[in-house]
Amino acid sequence: MTPARHGRRVAAAAVAAAVAGGALVWRRGRPAPPAFSRRNYRGREVDLRGGVGAAAGLLAGIAAGGGREAAGGVVAVAAAAGAGLFDDLRGGAQAKGLKGHLRALAHGQVTTGAVKIAVIGLGALAGAMVGGAGARGGGSRAASVGRVLVDGALTAGTANLVNLLDLRPGRALKTVLAAAGPLVAGGGPGVAVAAAAAGAGAAS
């Protein structure tokens, strides 16, 4: 990728993410509907529309960056955002954390958290396939499948890590911004995704 093209992709992804995410975050000045309002661990009201704004900005930014990796990113982020919103709006307090949801599933209870885990995992694998993980570097069919599985696992694992960090205000945002910087500077595959994450995070 030439420096000029790299710069255009980074700028397009970051700006699109910031504009789309910022537009929805700005609307948070209005009272949130009851379905989008929660109390955090300190008893303060939290507006869930902020997450919707961040996801919308991220999707817009990734799409603006273009390329096969960006297409895979759109698939993975759309799956994670949809599953997260479903869990936020329909979930209960009957199970907490990955172990809690898996324990409930073992007892025959399908929680919204378990659905979220499954959708994020499948979305991550689909994103890896669409993004070309299996086509990079040539090699055998087994090697291609292996790359898809590794990339899918990394994507799903990263989503879970950010979700865990989000239990306290600001931690997830700081981590995403810190991780996106070196990826943008490196200019390798996925630069549009990293730039979009930085833009959406900055707008939030």
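Only the coordinates and a few stated rules stand behind these numbers; no lab work does. Just so it is clear, the model here is predicted, and its values are computed rather than measured. FYI the Cβ positions are ideal-geometry reconstructions off the backbone, even for glycines, and counts take in every protein chain you see.
Odds and ends about this structure:
- The calculated FRET efficiency for Arg68 paired with Ala178, based on their beta-carbon distance and R0 = 25 Å, is about 0.40.
- Inter-label distance, nm, simple model (7 Å from Cα along the C-beta direction), Arg171/Gln109: 2.5 nm
- Residues with amide H under 5 Å from that of Gly131, placed H, sequence gap 5 or more: Gly72
- Ranked by how many other beta carbons lie within 10 Å on average, peptides 33-41, 78-86 from highest: 78-86, 33-41
- Amide proton proximity set for Val46, modelled H, under 5 Å, gap of 5+: Arg38, Arg39, Asn40
- When each of the peptides 52-61, 112-121, 158-167, 141-150 is scored by how many other beta carbons lie within 10 Å of its residues on average, the order from highest to lowest is 52-61, 112-121, 158-167, 141-150.
- Rounded to whole numbers, the Karplus 3J(HN,Hα) couplings from phi for the range 56-70 are 5, x, 4, 5, 5, x, 4, 4, 5, x, x, x, 5, 4, 5 Hz, using 6.51 cos²θ - 1.76 cosθ + 1.60 with θ = phi - 60°, and x at Gly and Pro.
- Between Leu122 and Leu154, residue separation times 0.36 nm minus the direct Cα-Cα distance comes to 10.3 nm.
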